[in-house]
Amino acid sequence: WSRPFGVSLLIAGHDENGPSLYYTDPSGTFWQCNAKAIGSGSEGADSSLQEQFNKELTLQEAETIALSILKQVMEEKVTPNNVDIAMVAPNYHLYTPAEVEAVIARL
């Protein structure tokens, strides 16, 4: 048997109600969530995110938590060449390699 291809997505945005994060699975079902991990190693990462996330985190605290969890589940060393960080609220900003390195340096 062959397995049909499917995709899960994390969709993040910001509107008049603040930031939003949605998770969609291959069936097309979607859920709104506060923190979510998908992909390889996502079970452990998602569990850690649920334990550590709260709405009172500063941006810097959230960056550090997310990257430290990613570091735990990635097989490779975390570098600006294999990790992207983006901020979506209030405006979209993809971090430069130097900005990613600054977050890595806090770990």
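Take the stretch 42-67 and flag every residue that is over 17 Å from D84 (Cα atoms) and touching a residue at least 12 places away in the same chain (Cβ under 8 Å).
Selection gives G44, S48, L49, Q50, Q52, F53, K55.
Which helices (runs of 4 or more DSSP H) does the chain wholly contain that include 3 or more residues that are in contact with a helix residue (DSSP H, G or I) (Cβ under 7 Å, 6 or more places away or on another chain) and either among the acidic types (D, E) or surrounded by 10 or more Cβ atoms within 10 Å (Cβ to Cβ) (or both)?
Details: elements: 42-52, 59-73, 97-105.
Counting at least 3 such residues, we get 42-52, 59-73.
When the stretch 73-84 is examined, which residues are found to be within 12 Å of S40 (Cα to Cα) and touching a residue at least 12 places away in the same chain (Cβ under 8 Å)? Spell out the reasoning first.
First, pick out the residues of the stretch 73-84 that are within 12 Å of S40 (Cα to Cα): 73-75.
Result: V73, M74.
For the stretch 1-41, enumerate the residues that are closer than 20 Å to M87 by Cα and of a type in the set (A, V, I, L, M).
Scanning the stretch 1-41 gives L9, L10, I11, A12, L21, A35, A37, I38.
Scan the stretch 1-24 and report the pairs whose first residue is closer than 14 Å to N91 by Cα and whose second residue is of a type in the set (F, W, Y) and at pLDDT below 85, with Cβ atoms within less than 6 Å and a gap of 6+ or a chain change.
Close Cβ pairs satisfying both conditions: none exist.
The values are calculated or read from the model by the stated rules, or taken from the named source; none is laboratory data. Predicted model only: the values in this text are computed from it and were never measured. Note that we place each Cβ from the backbone using ideal geometry, even for glycine, and neighbour counts take in every protein chain shown.
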